[in-house]
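Contents: one structure, followed by commentary.
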Amino acid sequence: MASFVSVVTGQLRLMPAGGLPRDLFALGIASKIRIDRNSTAMASSDFGRIVEAAPEAVLHPATPSDIAALIRFSASSPVPFPVSPRGQGHSVRGQSLAPGGVVVDMRALGRGHHSRINVSADYVDAGGEQLWIDVLRATLQHGLAPRAWTDYLRITVGGTLSNAGIGGQAFRHGPQIANVQELDVVTGTGDMVTCSREKSSDLFFAALGGLGQFGVITRARITLEQAPKRVRWVRLAYSDVAAFTRDQELLISKRASEAGFDYVEGQVQLNRTLTEGPKSTPFFSEADINRLAGLASMSGSAAIYIIEAAMYYNDTTASYVDKKLEKVLEQLSFVPRFVFTKDVTYVQFLDRVREEEEVLRSAGLWDVPHPWLNLFIPRSRILDFDTGVIKGLLGGTNPVGVILMYPMNTAKWDERMTAMAPLAGEDMFYTVGLLRSAVVASDLELLERENQAVLAFCHKEGIGCKQYLPHHMSQDGWQQHFGTKWSSMAELKAKFDPHTILSPGQRIFRSTGSVAST
Ligand code: FAD
C-alpha cells in the first residue's frame, strides 16, 4: 500500500495510506513506527527468500510496553491487523513477516542504554531480541553459559525459543525451550505477563515453540551451567547407516551420555557432493575430503555418514580428556582410522557456523533462497527414511548445503510446550535437516519439488514425520507441527487472543479456537 506525504504546519510527515487505521499514528508510539519503503522492504522477506510480503509499517520498540501498545491497539480495532515479531528474520517460510500489518523489529529493544542481558548465579535474564552469541559472551564473563544451543548463534533468544532451539546438546538437556525458567510475554491482547511453570503456565508452555502466535517474548530466564574452556571436536565416518545410527543412539543413551560426549550430531555427505562439491570446508581439509570420497567409492555406498561429537574440558580435566575420548571411541564402529579431530576453545566450537557463513558470503551463496526442510522422524523408521530419501530420492543429487541427521531423547521434551517431540511411545527420534540452498533460479523449483516428494514418500510409507520450523503454515501444517495435544488449547486461545500475531495469510479465531487461511 502506498504512503503519501502531507504538509502539516510546515513539517513534512509521512502519512499512512490504506491498510492501517490512522489512529495508530496518534498513539504515543507513533514516532517509533516507520512506514518508509526502506524499512518495510527490509521486513518483507526472510532468510528463506521464498516468501515475500510487505508490512505496512515497522515498529522499532524502545520498551516492551511499546509492543504492548501496538498489540492492544490492533486487538481493539474493528479489523485487527497482523503483527509479527521479527528477530533476525532468519525464518525460512515467512514466519517473521506481517503482510499488510506491522512487523515489530525486536532488535530495537536492545539499542537502549540499559543492558538487557543480566547474569545471575545460575540463570541469565536475556531480552527476546538478544543474539545467542551475545548471551554467550556475557555469561562467559562469569564463567557460566547456557546448556543448550543451536548450531548458529547469530539468531535471537525470542526467535529460537519460538521454534524450539535444537542442537547437539539437546540429547542431554532437551531443546532450548526446556531450559527456560521464566518468560516475560506480551500477549495477543497486549497484556504484559510474567509466566513460568508455576505462574500463568498455560501461556508459558504455549509461547515456547509458539512461533510468536501466543505472544511476544520480551525476556527469557535461561538456566546456566559452569562453562567449559575447551572442546575436543571429533568427526567419525561411516559407510554403513545402521552402524552410524546404532552408535549415535548409544552415544545419547543414558548410560553413555553420562560419561561420554557433551554434544552429538550427525551429517550425511552424498557421494556426488564428496566428488563434485567443495574441495575443502572449515573443518575438513582437501585431503580429508579426498579420503572420504575414496571411502564412498570403495564401499559403494551412496552416502557417507558422519557423527559429529564434542567433549568439553577445562584446566582441571585437560589431563584426562584424551583417555576419556579413547574410551568412548573404543565402543564405536566407525570406519577404522576415519577419525578427524580438532581442539578449539568453547566459543570457537559454539560459534563454528560463523566461519561457514563467511565462506558462503564471500562466495555469494548466503543470500540465496533456502528451501530448508526440517523433519522429526521416529527412531523406528529412520532406516526406511534413509533408504527411500537419502539413498533413494536424493541419492544421485549434489545439493549445495548440509544434510543433518541425529537423534534426540524424547524424555527431554515437555509435551505441554507448543513444540513437541513427534511420537509418544518411542524413546528417541531423529531430526533430519535438508538444509539446501538454491544457488541458481531454477534450483528453487527443483528443490521444492524434491521436498514435496520427501513428504509424499513419508506419507505413503506411513513414516509419521513432523516438521520442525513448519514448512507450510496451512491448517494441516499447524496441526502437523503443533499437534492438538493440550486440552487447554481452546481456553488459552480464548484468554490470550493471539489473532494479531500470525504468519502470512493466517488467523486464529478467538471464538472457535480454529486456524484458517485468509
Ligand atoms: P525470526 O526468524 O525473526 O523469527 C522466527 C519466528 O519467531 C517468527 O515466527 C517470529 O514471528 C517469531 N519471533 C521472533 N522473535 C520473537 C519473540 N521475541 N517472541 C515471540 N516470537 C518471536 N534452529 C535450530 O533449532 N537449531 C539449529 O541448529 C539452527 N541452525 C540454524 C542455522 C542457520 C544458519 C540459520 C539461518 C537458522 C538456524 N536455525 C536453527 C533456525 C532458527 O531457529 C530460525 O532461523 C529462527 O527463526 C530464529 O531466527 P530469528 O531469531 O531470526 O527469528
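The values are calculated or read from the model by the stated rules, or taken from the named source; none is laboratory data. None of these values were measured; they are calculated from a predicted model. Cβ placement follows ideal geometry from the backbone for every residue including glycine, while neighbour counts extend to all protein chains displayed. Just the protein is used for accessible areas: all its heavy atoms, side chains included, with ligands, DNA and RNA removed. Shrake-Rupley method; radii C 1.70, N 1.55, O 1.52, S 1.80 Å.
Which residue out of S297, S362, S333 is free of Cβ contacts under 8 Å to residues at least 12 places away in the same chain and more than 24 Å from Q226 (Cβ to Cβ)?
Only one candidate passes the filter, namely S362.
Just one of (1) more than 25 Å from the chain's Cα centre (by Cα); (2) within 16 Å of the ligand (Cβ to nearest atom) trips up I222, so point out which.
Result: I222 fails condition (1) only.
Looking at this structure, is Q467 at pLDDT below 50 and within 16 Å of the ligand (Cβ to nearest atom)?
So Q467 fails the test.
Return only the number of the condition from (1) in contact with an Asp or Glu (Cβ under 6 Å, 6 or more places away or on another chain); (2) away from the ligand (no atom under 16 Å from the Cβ) that A242 does not satisfy.
(1)
If I go through the range 126-164 residue by residue, how many of them are closer than 19 Å to T63 by Cα, in a loop (DSSP other than H, G, I, E, B) and more than 9 Å from the ligand (Cβ to nearest atom)?
Count: 1.
Look through the range 304-325, keep the residues that are among the hydrophobic types (A, V, I, L, M, F, W, C) and in a strand (DSSP E or B), and return whichever of them is surrounded by the most Cβ atoms within 10 Å (Cβ to Cβ).
The initial filter retains those residues of the range 304-325 that are among the hydrophobic types (A, V, I, L, M, F, W, C), namely 304, 306-307, 309-311, 318, 321, 325.
Those left that are additionally in a strand (DSSP E or B): 304, 306-307, 309-311.
Working: I304: 24, I306: 24, I307: 24, A309: 26, A310: 22, M311: 20.
This residue is A309.
Give L435, L373 a once-over and let me know the one that is open to solvent by 20 Å² or more (accessible area, probe 1.4 Å) and of a type outside the set (G, A, S).
None of the others qualify; the one that does is L435.
Taking the range 438-464 as the search range and keeping residues that are part of a loop (DSSP other than H, G, I, E, B) and open to solvent by less than 20 Å² (accessible area, probe 1.4 Å), which one is modelled with the highest pLDDT?
That would be A438.
Restrict the check to the range 181-189 and report whether at least one residue is within 13 Å of the ligand (Cβ to nearest atom), outside any helix (DSSP H, G or I) and surrounded by fewer than 21 Cβ atoms within 10 Å (Cβ to Cβ). Before the answer, list the steps.
Here is the first cut: in the range 181-189, the ones within 13 Å of the ligand (Cβ to nearest atom) are 183-188.
From what is left, the residues that are outside any helix (DSSP H, G or I) are 183-188.
Subsequent filtering for residues that are surrounded by fewer than 21 Cβ atoms within 10 Å (Cβ to Cβ) retains 184.
Yes, the range 181-189 contains at least one residue that is within 13 Å of the ligand (Cβ to nearest atom), outside any helix (DSSP H, G or I) and surrounded by fewer than 21 Cβ atoms within 10 Å (Cβ to Cβ).
Quick one: count up the residues across the range 211-242 that are within 23 Å of D125 (Cα to Cα) and in contact with a strand residue (DSSP E or B) (Cβ under 9 Å, 6 or more places away or on another chain).
18
Against the conditions (1) out of contact with any helix residue (DSSP H, G or I) (no Cβ under 8 Å at 6 or more places or on another chain); (2) closer than 23 Å to G433 by Cα, where does S319 fall short? Just the number, please.
With (1) out of contact with any helix residue (DSSP H, G or I) (no Cβ under 8 Å at 6 or more places or on another chain); (2) closer than 23 Å to G433 by Cα applied to S319, the lone miss is (2).
Checking the condition modelled with pLDDT under 95 and hydrophobic (A, V, I, L, M, F, W, C), which residue from L70, L109 passes? Explain how you work it out, then say what you get.
Values: L109 fails: modelled with pLDDT under 95.
Sole residue among the options that is modelled with pLDDT under 95 and hydrophobic (A, V, I, L, M, F, W, C): L70.
Filter the range 250-271 down to the residues that are assigned to a loop (DSSP other than H, G, I, E, B), open to solvent by less than 40 Å² (accessible area, probe 1.4 Å) and out of contact with any Leu (no Cβ under 9 Å at 6 or more places or on another chain) and list them by number.
Hits for the range 250-271 are S253, D262.
State which residue is surrounded by the most Cβ atoms within 10 Å (Cβ to Cβ) when the search covers only the range 165-180 and only residues that are near the ligand (Cβ under 6 Å from one of its atoms) and in contact (Cβ under 8 Å) with a residue 24 or more places away in the chain.
Ranking the qualifying residues of the range 165-180, first place goes to I166.
Can R137 be described as among the basic types (K, R), open to solvent by 40 Å² or more (accessible area, probe 1.4 Å) and over 23 Å from the mean Cα position of the chain (by Cα)?
no
I'm told N374 meets every condition in (1) part of a strand (DSSP E or B); (2) modelled with pLDDT of 95 or more except one. Can you identify the failing condition by its number?
(2)
Does E198 satisfy being in a strand (DSSP E or B) and either open to solvent by less than 10 Å² (accessible area, probe 1.4 Å) or more than 12 Å from the ligand (Cβ to nearest atom) (or both)?
no
Filtering the range 402-429 down to residues that are part of a strand (DSSP E or B) and either open to solvent by 60 Å² or more (accessible area, probe 1.4 Å) or within 14 Å of the ligand (Cβ to nearest atom) (or both), which residue is nearest to P282 (Cα to Cα)? Step through it out loud before you land on a result.
Initially, the range 402-429 is screened for residues part of a strand (DSSP E or B), giving 402-409, 428-429.
Filter again for either open to solvent by 60 Å² or more (accessible area, probe 1.4 Å) or within 14 Å of the ligand (Cβ to nearest atom) (or both), leaving 402-406, 408.
Details: V402: 13, I403: 16, L404: 17, M405: 20, Y406: 21, M408: 26 Å.
Selected residue: V402.
Here is a check on your reading of the model: is P85 touching a helix residue (DSSP H, G or I) at 6+ places or on another chain (Cβ under 7 Å), closer than 22 Å to Q181 by Cα and either open to solvent by 10 Å² or more (accessible area, probe 1.4 Å) or more than 11 Å from the ligand (Cβ to nearest atom) (or both)?
Details: touching a helix residue (DSSP H, G or I) at 6+ places or on another chain (Cβ under 7 Å): yes; closer than 22 Å to Q181 by Cα: yes; either open to solvent by 10 Å² or more (accessible area, probe 1.4 Å) or more than 11 Å from the ligand (Cβ to nearest atom) (or both): yes.
Taking the combined requirement at face value, the residue satisfies it.
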